[in-house]
Amino acid sequence: MSRLLKIARREYIAYVRTIGFWLSMLLMPIGLAIAGGAPMLLEKSAPIPTLAIVDLGGDGIGQAIAPHLSVAHGGKAQAILVPAPVAIASSAAAGPALKPYLTGERLLPGGRKLDAVAVISGKGEATSVDFWSANLSDPTLAQAVGATVTEAMRSQRLKQVGMALTDIAALEKLEPKFKEWSPKAAAGQISLRDRLPGIVGFVLGMLLWSVIFTGAGILLNSIIEEKSSRILEVLLSSASAPEIMFGKILGAAGVTATVLMVWAALGGTALATMNPEITRAVIDVLLSHGLIFYFAVYLIGGYLMYASLFIAVGAFCETTREAQTLLGPIMIVLTIPLIFMGEAIKRPDAPILHTLSWIPPFTPFLMAARAASEPPLWEVIGTGLLMLATIALVIWIAGRAFRAGALSTGRVNLAGFIAKVRSPE
C-alpha cells in the first residue's frame with residue numbers, strides 16, 4: 001500500500017507543480033466566460049447599422065414602422081433611419097440605384113455608409129418588402145424589418161374593420177394568466193425551484209463526463225511517456241503491476257479532484273455573488289435529492305471504469321498516434337451519453353433512457369443526469385450493481401493487459417492484445 005501511495009503522490013506532484021497545469025486550470029473558466037459572453041460583447045460593440053426605408057406603397061407602412069425600428073431595444077437601437085439617398089421609382093430599380101451606396105463606393109451626406117435599405121411596395125395584403133443589405137451573414141436586421149412590417153400590416157387591417165388604436169394596443173397585450181401545476185411541485189405551482197433538480201442533474205452528468213475525460217487523458221499520456229522512456233520498466237522492478245496501475249489512477253484522480261475543487265470554488269463564488277437565492281436553491285437540491293450521493297457513486301465508478309480502460313490501452317502503445325487509433329471506438333462510446341443527457345432533463349422517463357441506463361458504459365452519466373427525477377430504487381440498485389460488476393471485470397482485464405503491455409515492444413494488433421490478456425500469469 002505504501003508503494004501504491006508513493007506512486008500516486010509522484011503522479012500527482014508531477015502535474016500540479018508545473019506552471020502550465022495551474023495556468024490551464026485558471027484560464028479555462030475565463031475562457032468559458034469569454035465564450036459565453038462573446039455574443040453579447042460583440043452585439044454591444046458592433047456599430048448600429050444605417051437603414052433607409054423607401055415606401056412605394058402609399059399606405060404609410062414605411063412611416064408606421066420607422067419609429068419601431070429606431071426604438072432602443074436592450075439599450076441599443078436596431079437601426080438608424082435615414083432617407084433614401086436617391087429617388088427610386090420601383091422596387092425593380094432599387095438594386096442598380098442603391099448598389100454604389102451599399103458597396104461603399106458612395107457615402108451618405110455626412111460621410112456615413114449605408115448598410116441596408118427596405119423597399120416597401122404594394123398595399124394591404126399585397127404589400128411586399130425588398131430588403132437590400134451589405135451584410136450577407138447577419139439576418140437580424142432583415143428579420144426585425146419583416147416582423148415590424150407584419151405588425152404594421154395587421155394594425156392597418158384592424159383599423160379597416162373599425163378598431164381604434166387603443167383597442168389594438170389592448171389586443172396586443174391580451175394574454176392569459178397562465179400557470180403550470182404539478183403534483184410533484186413543492187407548492188403545487190411549478191417554479192424554477194422545481195425545475196432546478198433536472199438542470200443540476202444535467203450539469204453533474206456533464207461534469208462527470210469532463211472529469212472522466214480529463215483524468216483518462218492524463219493517465220494515457222503518462223503511461224505512453226513513461227513506457228517510451230523506459231521509466232515504466234524501472235517502476236516494475238520496484239513495485240507490482242497492480243500497485244503501479246492503481247497508484248497512477250489515484251494520482252490522476254487527485255489531479256482531477258484539484259481541478260474540480262478549484263472550478264467549483266470559482267463557480268460557486270461567482271454564482272453566490274450574482275444570485276444568492278439560486279445558490280441556496282442549488283445547495284438545497286444537492287442535499288435534499290441525494291444528488292451528492294449519486295454524483296459521488298457514479299463519479300468514482302465511472303472514473304474507475306474508464307481510467308482502467310485507458311491505462312490498459314496506454315500500456316500497449318508506443319506513441320500517442322498508436323493510442324489515437326485504439327481510442328476511436330472509446331470516444332464514440334463517450335459521445336453517446338452527451339446526445340441523450342440533454343433529453344434527460346425534459347424526458348427522464350423516456351424508455352430509451354431507461355434502456356441506456358442499464359448499459360454500463362453509459363450508466364454513470366445517464367443515471368447522474370436522471371437522478372433529479374428520482375428513478376425507482378430498484379433501478380438505482382440494479383444499475384449500480386451492474387456497473388460495479390462491470391468495473392470489477394474491466395479492472396481485472398486492465399490489470400492483466402497492463403502487466404502484459406507494460407513490457408511489450410512494437411505494434412500490437414487486436415489478436416495480440418487478446419492473446420496477452422488471456423495468457424496465464
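Key figures
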quantity: Top-ranked residue of the stretch 163-193 - restricted to ones that are farther than 30 Å from Ile339 by Cβ and polar (S, T, N, Q), ranked as surrounded by the most Cβ atoms within 10 Å (Cβ to Cβ); calculated: Gln189
quantity: Of all residues making up the stretch 2-25, the number that are under 29 Å from the mean Cα position of the chain (by Cα), more than 18 Å from Leu232 (Cβ to Cβ) and part of a helix (DSSP H, G or I); calculated: 8
quantity: Residue within the stretch 36-56 that is modelled with pLDDT of 80 or more, in a strand (DSSP E or B) and charged (D, E, K, R) present; calculated: yes
quantity: Residue satisfying condition, being among the aliphatic types (A, V, I, L, M), without any contact (Cβ under 8 Å) to a residue 12 or more places away in the chain, farther than 25 Å from Pro337 by Cβ and in the same structural domain as Tyr303 (by TED's automatic domain parsing), within set Ile231, Ile224; calculated: Ile231
quantity: Condition broken by Arg370, with the remaining ones in (1) outside any helix (DSSP H, G or I); (2) in contact (Cβ under 8 Å) with a residue 60 or more places away in the chain satisfied; calculated: (1)
quantity: Answer residue from the stretch 127-162, given it is more than 20 Å from Gly104 (Cα to Cα) and in contact with a Phe, Trp or Tyr (Cβ under 9 Å, 6 or more places away or on another chain) and is surrounded by the most Cβ atoms within 10 Å (Cβ to Cβ) among those; calculated: Val145
quantity: Qualifying residue in the stretch 386-398 (condition: over 25 Å from Phe246 (Cβ atoms), at pLDDT 85 or above and in the same structural domain as Ser222 (by TED's automatic domain parsing)); calculated: no
quantity: Those residues of the stretch 373-395 which are under 26 Å from Ala315 (Cα atoms) and either free of Cβ contacts under 8 Å to residues at least 60 places away in the same chain or among the basic types (Lys, Arg) (or both), in sequence order; calculated: Ala389, Ala392, Leu393
quantity: Long-range neighbours under 6 Å by Cβ, at least six apart or interchain, first residue farther than 14 Å from Ser155 by Cβ within the stretch 165-194, second modelled with pLDDT of 75 or more and among the basic types (Lys, Arg); calculated: Gln189/Lys179
quantity: Inter-residue pairs, beta-carbon under 6 Å, first assigned to a loop (DSSP other than H, G, I, E, B) and in the stretch 101-115, second hydroxyl-bearing (Ser, Thr, Tyr), 6+ apart; calculated: Arg112/Thr50; Leu114/Thr50; Leu114/Tyr101; Asp115/Thr50
quantity: Residue identified as surrounded by 15 or more Cβ atoms within 10 Å (Cβ to Cβ), assigned to a helix (DSSP H, G or I) and modelled with pLDDT under 75 among Leu196, Leu219, Leu235; calculated: Leu235
quantity: Single residue of Arg17, Arg3 found to be of a type in the set (Lys, Arg), surrounded by 14 or more Cβ atoms within 10 Å (Cβ to Cβ) and either at pLDDT below 75 or out of contact with any Pro (no Cβ under 8 Å at 6 or more places or on another chain) (or both); calculated: Arg3
quantity: Test for Val82: is it in contact with a helix residue (DSSP H, G or I) (Cβ under 7 Å, 6 or more places away or on another chain) and among the β-branched types (Val, Ile, Thr); calculated: no
quantity: Condition met for Glu243 (acidic (Asp, Glu) and in contact with a helix residue (DSSP H, G or I) (Cβ under 7 Å, 6 or more places away or on another chain)); calculated: yes
quantity: Of residues in the stretch 310-348 being among the aliphatic types (A, V, I, L, M) and surrounded by 23 or more Cβ atoms within 10 Å (Cβ to Cβ), the one nearest to the chain's Cα centre (by Cα); calculated: Met341
quantity: Every pair of residues 6+ apart whose Cβ atoms lie under 8 Å, when the first sits in the stretch 336-353 and is charged (D, E, K, R) while the second is at pLDDT 85 or above; calculated: Glu343/Leu353; Arg347/Leu353
quantity: Meets criteria (among the hydrophobic types (A, V, I, L, M, F, W, C), surrounded by fewer than 17 Cβ atoms within 10 Å (Cβ to Cβ) and under 28 Å from the mean Cα position of the chain (by Cα)) for Ala265; calculated: yes
quantity: Of all residues in the stretch 127-140 being of a type in the set (A, V, I, L, M, F, W, C) and modelled with pLDDT of 85 or more, the one that is farthest from Ala97 (Cα to Cα); calculated: Val129
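This table checks each residue for (1) assigned to a helix (DSSP H, G or I); (2) touching a helix residue (DSSP H, G or I) at 6+ places or on another chain (Cβ under 6 Å); (3) at pLDDT 80 or above.
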| position | (1), (2), (3) |
| --- | --- |
| Ile249 | yes, yes, yes |
| Ala252 | yes, yes, yes |
| Ala257 | yes, no, yes |
| Met261 | yes, no, yes |
| Gly268 | yes, no, yes |
| Ala281 | yes, yes, yes |
| Tyr294 | yes, yes, no |
| Ala307 | yes, yes, yes |
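The values are calculated or read from the model by the stated rules, or taken from the named source; none is laboratory data. Just so it is clear, the model here is predicted, and its values are computed rather than measured. Cβ coordinates were reconstructed from backbone atoms using ideal geometry, including for glycine residues, and neighbour counts include every protein chain displayed.
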